[in-house]
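Read through the structure below, which is laid out as structure tokens, and then see the notes.
The values are calculated or read from the model by the stated rules, or taken from the named source; none is laboratory data. Model, not experiment: these values are computed from the prediction. Note that we place each Cβ from the backbone using ideal geometry, even for glycine, and neighbour counts take in every protein chain shown. What goes into the accessible areas is simple: the full protein's heavy atoms, side chains included, and nothing from ligands, DNA or RNA. Shrake-Rupley method; radii C 1.70, N 1.55, O 1.52, S 1.80 Å.
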Amino acid sequence: AAKVTGGRHVRYTPELDARSSEQASLGAALRCALDEGQFFLVYQPIVALPSTRVAGVEALVRWRHPVHGLVSPADFVPVAEHNGLIVELGAWILREACTRMESWRRADDASAPAKMSVNVSARQLSEPDFAQVVATVLRETGLPASYLALEVTETAVFDSTVALDTLRAVKALGVRIALDDFGTGHSSLGLLRTAPVDILKVDKSFIDDLAVPGAQAAIVTALIDVSNHLGLTAIAEGVETPEQAERLVAMGYRFAQGYLFGRPTPDPDFAAPLALATAE
Ligand code: C2E
Ligand code: CA
Ligand code: CA
Ligand code: CA
């Protein structure tokens, strides 16, 4: 029922996803995976442009299934969201990422990242005590709030009536808020004014065709202008080629993330910046 894609991840087929009994058994397997310690985090650099020095990292969850091997979060996060396990898994992810960030901070390595970004699902945002969970994790791990950013999607913010209040409470702790996959959800520039947002992550789909002049490039340019005007930090996601990076630098982007700069790994190497043609 599952097939291997790219030799690295197991992808559950859509037919399988559609069958609720299979969903239920995947849900049960996730519960067991959390109890058995089968989840781990990988970290992908977010770099400053044009230097490409590591400014931050994004934590991404992985599941090592004892039989199926590595399962993609695109396949299991929606199931965990559906059965509610994401609340407990998400709290584990947050604690793990903050513990790791605090150990980097204490190592006092000049090339270490200054910020840890953690993804937060819609379901977590709709929990009334979410800000309390964040406060507790920060206190118990010792990580100062200014080192943490939480990534939420536009859809998650729109979906729940308590999400905005939750975000304000989190922000009051001193944690940054990033709008993830910007431009793919119910995009509304109005949200940038009403939601307590600090960072705008421009979705990979806009970066893909950047080298070709046209609508995508126009949107990417417009988004850096809007960000600058509103005092937001823009991060370009999914940068894979030097040409894309150079276009972004020319447009005024100061932060980017993508395979060009580094893939997500359990033990990222922060030491080696990349030479862009446009870098001084
Ligand atoms: P996302 O938050 O938009 O994360 C970025 C995804 O793009 C990651 O996939 C990352 O590996 C991939 N990526 C980064 N740079 C490139 C690139 O240059 N090219 C390409 N093709 N891909 C790139 P990943 O790790 O498979 O995660 C997929 C999605 O699963 C995430 O999208 C996020 O929505 C969700 N997810 C992952 N980890 C977590 C987590 O800890 N909590 C929650 N709630 N969701 C998570
Ligand atoms: Ca993200
Ligand atoms: Ca994203
Ligand atoms: Ca995404």
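I need the semi-axes of the equivalent ellipsoid of the range 144-183: take the C-alpha gyration tensor, multiply each eigenvalue by 5, square-root it, list largest first in whole angstrom.
18, 13, 5
Report Rg(Cα)/(2.2 N^0.38 Å) for the range 175-280, keeping two decimals.
For the range 175-280, the normalised Cα radius of gyration is 1.08.
What ranking, highest mean first, results for peptides 30-40, 147-157, 124-134 when packing means the other Cβ atoms within 10 Å averaged over each residue?
147-157, 124-134, 30-40
Provide Rg over Rh for the range 60-169; use the alpha carbon set for both Rg and the Kirkwood Rh (inverse mean inverse pair distance).
Here Rg/Rh amounts to 0.99.
Working from Cα positions, state the angle (0 to 90°, nearest 10) between the long axis of helix 85-107 and the longest principal axis of the chain.
Its long axis makes an angle of about 50 degrees.
For helix 20-36, report the angle its Cα long axis makes with the longest principal axis of the Cα atoms of the chain; keep it between 0 and 90° and round to the nearest 10°.
On a 0 to 90 degree scale, this one is about 80.
Per residue, how large is the accessible surface of the range 77-169? Use a 1.4 angstrom probe and give square angstrom. Provide the component values of the computation, followed by the final result.
Numbers: 4110 Å² over 93 residues.
I get 44 Å² per residue for the range 77-169.
Could you state the orientation-averaged shadow area of the convex hull built on the Cα atoms of the chain, in nm² to one decimal? Write out the running numbers ahead of the final one.
Values: hull surface 60.9 nm².
Average of the hull's projected areas for the chain equals 15.2 nm².
In degrees, nearest 10, range 0 to 90: what is the angle between the Cα axis of helix 163-172 and the longest Cα principal axis of the chain?
The answer is roughly 60 degrees.
Hey, how many Å between the Cα centroid of the range 103-131 and the Cα centroid of the range 30-95?
Cα centroid of the range 103-131 versus Cα centroid of the range 30-95: 12 Å apart.
Using the Kirkwood radius over C-alpha pairs as Rh, can you work out the diffusion coefficient of the range 135-222 via Stokes-Einstein at 10 °C, viscosity 1.306 mPa s, in µm² per second?
D, rounded to a whole number, is 111 µm²/s.
Compute from the Cα atoms of the range 45-91 the Rg and the Dmax, the latter being the longest Cα-Cα distance, and quote both in angstrom.
15.0, 43
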